[in-house]
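Chemist: Structure below; questions to follow.
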Amino acid sequence: MTSLSLYLCSLLNNNNNKKKLLICYNYLHTHRTPLHLVDRAPQKTRLVRLLDMNVPAVFRGRVTGKVLAQQSGARNYREATMCTSSASGQDMTNWLWSIYNETKKQTEALIPVISKNSVNPNTVFANNEMSLHDIEIYGFDYDYTLAFYSRHLHTLIFNIARDILIQEHRYPEGLREYEYIPNFVVRGLHYDVQKALLMKIDAFHYIQLGTVYRGLHPVPDKEVIAMYDGCHVPLENMSDFYGKSSHGHTMKQFMDIFSLPEMNLLCCVNDYFMKHNIDYEPVHLYKDVKAAIGDVHVKGIMYRAVEADMENYISYGEQTHAVLKKLYEDGKKMFLITNSPFDFVDRGMIYIVGKDWRDLFDIVIVQADKPGFFNDRRKPFRRVTDKGVLHWDRIHKLEKGKIYKQGNLYEFLRLTGWRGSKVLYFGDHIYSDLADLTLKHGWRTGAIIPELRKEIKIMNTEQYVHLMTWLQGLTGLIEHMQVHRDPASQAVVQEWIKEREAMRSQTKDIFNSQFGSLFRTYHNPTYFSRRLSRFADIYMASLSCLLNYDFQHTFFPRRTPLQHESPFWPEQTSAGALKMPFIPHRTTTEE
C-alpha cells in the first residue's frame, strides 16, 4: 500500500482533518487518478474497507483479489467494468444516490471550515510578484482612481446622451420614457455592432449562454448558437487591442466604468425600436449612441454638472488624501496623468484632498489623450495656467507646481528619466491606462477595480459559500460517476447535471441577474479577467487598500496549481475535494 493511500485512509477516520483530506483527494482529482490505481500493493486497502459499506451487496466480495498493477489502464478499466455488469439498474440507482447523499453531507460539514477563510475586501491582490521597496515613483489616473463617483453621475450621463439623440440625431421622442437602470449591466461586456447584441465572453472567446441580450431582453440559447454557429467568437471578429470596434471588427468591449450608461442607452434604444417594430440599422445606432455619449464628455456637460454639485456626484475619496500624504512623507515622487481638464480635476481634488493637493505632486498632466499619450511621439507638452490660458513656449523640463497639457510618454521619459520597474502607475481602465505601460515600457501597474469590494462581500456570504461548495462537490461527483454508461446510471447523472446547471445560474444571479460576475463566466475567467491578469501587476478595490501595507512589503501572487499540478496548501484546494466513495469497480484486490 502506498504512503499516499495510507495517509488518505488515516484521514478518513479523523473528522478533524477535513482540510488535509481536501488536499489528498484533490491530488487524485487533479491528476485524474482512478482510485483503483492509487495503491499497487498485494493486499486489500483500508480505503476499500472503509468505503465498502457504501457499495451495493452485489459488488461486495469483488474488491479483493489480484492487483491490476501490471496491466494496462485500458485493461484495468475493462476488467473492472465487468465486475459491475451483474448489478441491477435499481442497485446502481440506489448506490449512486447514496453516494450523492454522502457527498452532500460531507460538503455541508466543510462549509463552516471554508466560511472561516473569508477574503478581506481591502486586500491588494497580486498577479505578478512586486515589492514596494523597489518603487520610487507613483503615478495616478484621476477618474475612478483618485476620485470616485456615485451612481447619480451615470444617471446624468444617460439622461444627457438620451436627450442628445432626440434633439440632435432626431431619434423618437418616446425614448424619454426610458431611465437609467443601475443594476442592468456590468463592465467588460462585448457588444456585437452588426447584430445589436450585448453579451459576456470568457477568456477563451466563448459566449456565456444566458447572458446575451437584445435590447432589455435575453436571447434564447438556441438562437445564439444558430447566429454564431456555436458559442465561439473568432479572433478576427473581436475588438482591437483597446477594446474598440474598428473597421472589419464586429465587437466592441466596454472596459470603462463610464461605459455603463452607454451600454444602458444602447439596450434602451434597441428595446424601443423592437417594441415599436421600427426597422433600423444597428451600425448607425451604435455610432450615434457612441457620439452622444462622447458629447457629454467632450462638450464639458458632465464636468460642469459635477463641479456644480460635488456632494451629489463625488461619493467618496476612499482616504485618497491619506494615501497621497503617506507617499509624500516617505519621500516618494508622484505624478498625475489624466484625460480630464484641469479645472475639473482641480475642483475635485480640492474637494477630496484640500487646497494644497498640488503640493503633493511633482508633475500634473491633464487632457493627456490616453491611450494616445503612450504611443504618439508627435504631441509636445504645453503649459497651461490655472485659468486655462495656454503658453506657446517650448517645454525643456517638467516642473513641480505647474500644469501641463497633452504631451506624450516618450517625451515624459526623456524629461524625467523615470523609467522601468521603479515606476508604479494606477488606473481603472485596463487598456487605456495600463496595457501599453506594462507591455512597452516596463512600468509596474496597479488596477483600481471598484466593483471588487462588492463582489468579495458577496463571496463571503454564507449563501455563496454554501452554493459554491456544493457546486464543486457535485461537479466532482459528475466527473467521476459519468463512467457508468448503463441507462439507470446515466439517468441519475443527468439529474445531477440539471441540478448543476440550475446552481450555475444561481451563482450568476447572486452578482447580477443579467450578466453575473465581472470576473467569471460560470466557471471560466471572463475576457475582462484575462486582460486584468495580463496588464496589472496588482489590483485592488481602491487606493485606500495601500494603507494596510508598509513600503517594504512584497506582494506575492498565489501559486494556484495548473490543471496538471497537485495542490499543496488548503487554500488552493477545490471545495469539491471531498471524501467520496467513488465507483465500485475502481478497487484494488488482495492475493
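Chemist: Say whether the condition of being open to solvent by less than 30 Å² (accessible area, probe 1.4 Å), at pLDDT 95 or above and either of a type outside the set (Gly, Ala, Ser) or under 30 Å from ASP369 (Cα atoms) (or both) is met by at least one residue in segment 214-227.
Modeler: yes
Chemist: Go over the candidates PRO172, PRO182 one by one and state the one that is modelled with pLDDT under 95 and not charged (D, E, K, R).
Modeler: PRO182
Chemist: I would also like to ask the following. Test PHE361 against the criterion of being crowded, with 20+ Cβ neighbours inside 10 Å and under 30 Å from GLY188 (Cβ atoms), and give yes or no.
Modeler: Answer is no for this residue.
Chemist: A follow-up question, please. Limited to segment 410-465, what total is found for residues that are touching a strand residue (DSSP E or B) at 6+ places or on another chain (Cβ under 8 Å), of a type in the set (Gly, Ala, Ser) and more than 30 Å from LYS252 (Cα to Cα)?
Modeler: Counting residues in segment 410-465 that are touching a strand residue (DSSP E or B) at 6+ places or on another chain (Cβ under 8 Å), of a type in the set (Gly, Ala, Ser) and more than 30 Å from LYS252 (Cα to Cα) gives 1.
Chemist: If you don't mind, another one. Could you count how many residues in segment 356-365 are part of a helix (DSSP H, G or I) and of a type in the set (A, V, I, L, M)?
Modeler: As a first pass, look at segment 356-365 and keep what is part of a helix (DSSP H, G or I): 357-360.
With of a type in the set (A, V, I, L, M) added as a condition, the list becomes 360.
Residues in segment 356-365 being part of a helix (DSSP H, G or I) and of a type in the set (A, V, I, L, M): 1 in total.
Chemist: Something else: Which of the numbered conditions does ARG187 fail, given that it passes all the others? Conditions: (1) surrounded by fewer than 18 Cβ atoms within 10 Å (Cβ to Cβ); (2) at negative phi; (3) not in a helix (DSSP H, G or I); (4) not β-branched (Val, Ile, Thr).
Modeler: (1)
Chemist: While we're on this one: Kindly indicate which of ILE278, ILE225, ILE257 is within 30 Å of ILE448 (Cβ to Cβ) and not assigned by the TED database to the domain that holds ASN524.
Modeler: The unique qualifying residue is ILE257.
Chemist: Can you tell me which condition LEU518 does not meet? The list is (1) at pLDDT below 95; (2) open to solvent by less than 20 Å² (accessible area, probe 1.4 Å); (3) in contact with a strand residue (DSSP E or B) (Cβ under 8 Å, 6 or more places away or on another chain); (4) not hydroxyl-bearing (Ser, Thr, Tyr), and all the others hold.
Modeler: (1)
Chemist: Could you list all residues from segment 479-503 that are open to solvent by 40 Å² or more (accessible area, probe 1.4 Å) and under 24 Å from the mean Cα position of the chain (by Cα)?
Modeler: ARG500, GLU501, ALA502
Chemist: Can you say whether LEU175 is touching a strand residue (DSSP E or B) at 6+ places or on another chain (Cβ under 9 Å) and either open to solvent by less than 10 Å² (accessible area, probe 1.4 Å) or not assigned by the TED database to the domain that holds ASN159 (or both), as far as the supplied structure shows?
Modeler: Considered against the rule, which asks whether it is touching a strand residue (DSSP E or B) at 6+ places or on another chain (Cβ under 9 Å) and either open to solvent by less than 10 Å² (accessible area, probe 1.4 Å) or not assigned by the TED database to the domain that holds ASN159 (or both), LEU175 comes out as no.
Chemist: Still on this structure: Any residue in segment 87-97 that is within 30 Å of PRO282 (Cβ to Cβ) and of a type in the set (Asp, Glu)?
Modeler: no
The values are calculated or read from the model by the stated rules, or taken from the named source; none is laboratory data. These numbers were taken from a predicted model, which means no experiment stands behind them. Note that we place each Cβ from the backbone using ideal geometry, even for glycine, and neighbour counts take in every protein chain shown. Quick note on the areas: whole protein, heavy atoms, side chains included, nothing else; ligands and nucleic acids left out. Shrake-Rupley method; radii C 1.70, N 1.55, O 1.52, S 1.80 Å.
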